[in-house]
Amino acid sequence: MRIIGGKYRGLKLAELGAGDADAHLRPTSDRVREAIFNLLINGSHGADLDGARVLDLFAGTGALGLEALSRGAAHCTFVDDGAAARALMRANIEKTHTMGCTRVFRRDATKLGDNRGPGFSLVFLDPPYGKGMGEAALASALAGGWIAPDARIMWEEASPQLAPEGFELLDQRRYGETHVTLLRRKKAP
């Protein structure tokens, strides 16, 4: 895995190795990551990454959040409850020298609790496929004040996802076995 674009373009990220069989790490492939960022940056409903605050739920290796930082995001908070994932994230944060603009939380993404800072303008959601955890995490993030009004949510899953209440569907794409759903949080009336 490598960073695809931006100031860290070409940087090789930490190898998964044998890993932890219980960690269920399934990093987003370089090809899908490139397609996601093309959709975000060049799509008609895209997001401005310059200065963005990013929340990477079920962060795994941290590749999505680090890609956003490489392309101009100001901050990324990574959330994952797996020890193997957090070790890989920390190694990748060190490789990119982004310690000053990142936070790593050991937390269940479906039970985030209250956010004590400003909301995030871009959320990556890459839960274990087919377990209903993505919708639970999105509901938890919304209830806890983690998601800023008009934020974009990039949701990876094994099947296309419907927009939950409070969100609107902007785009959906399929890349092999991965379905990517782009949502926007609706502004309060």
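If the Cβ limit is 7 Å and pairs must be 6+ apart or interchain, which residue in the stretch 27-55 that is within 26 Å of ALA84 (Cα to Cα) pairs with which residue that is among the basic types (Lys, Arg) and modelled with pLDDT of 85 or more?
ASP30/ARG2; PHE37/ARG71
All but one of (1) out of contact with any Leu (no Cβ under 6 Å at 6 or more places or on another chain); (2) modelled with pLDDT under 95 hold for GLY134; state the number of the condition that does not hold.
(1)
Considering only residues of the stretch 155-189 that are surrounded by 17 or more Cβ atoms within 10 Å (Cβ to Cβ) and among the hydroxyl-bearing types (Ser, Thr, Tyr), which is modelled with the highest pLDDT?
This residue is THR181.
Among the residues of the stretch 85-119, what is the count of those that are touching a strand residue (DSSP E or B) at 6+ places or on another chain (Cβ under 6 Å) and closer than 13 Å to LEU55 by Cβ?
Result for the stretch 85-119: 7.
Only one of these is closer than 19 Å to ILE36 by Cα, in contact (Cβ under 8 Å) with a residue 24 or more places away in the chain and in contact with an Asp or Glu (Cβ under 7 Å, 6 or more places away or on another chain): GLY145, GLY176, GLY134. Name it.
GLY134
Taking the condition of being surrounded by 16 or more Cβ atoms within 10 Å (Cβ to Cβ), modelled with pLDDT under 80 and more than 21 Å from TYR175 (Cβ to Cβ), how many residues in the stretch 20-54 meet it?
Matching residues across the stretch 20-54 total 1.
How many residues does the stretch 61-91 contain that are among the basic types (Lys, Arg), assigned to a helix (DSSP H, G or I) and crowded, with 19+ Cβ neighbours inside 10 Å?
Residues flagged as among the basic types (Lys, Arg), assigned to a helix (DSSP H, G or I) and crowded, with 19+ Cβ neighbours inside 10 Å within the stretch 61-91 amount to 1.
If the requirement is being touching a helix residue (DSSP H, G or I) at 6+ places or on another chain (Cβ under 7 Å) and not polar (S, T, N, Q), which of these qualifies: HIS75, HIS97?
Going through HIS75, HIS97 in turn, just one is touching a helix residue (DSSP H, G or I) at 6+ places or on another chain (Cβ under 7 Å) and not polar (S, T, N, Q): HIS75.
The values are calculated or read from the model by the stated rules, or taken from the named source; none is laboratory data. Model, not experiment: these values are computed from the prediction. In this analysis, Cβ positions are derived from the backbone assuming ideal geometry, glycine residues included, and neighbour counts consider all displayed protein chains.
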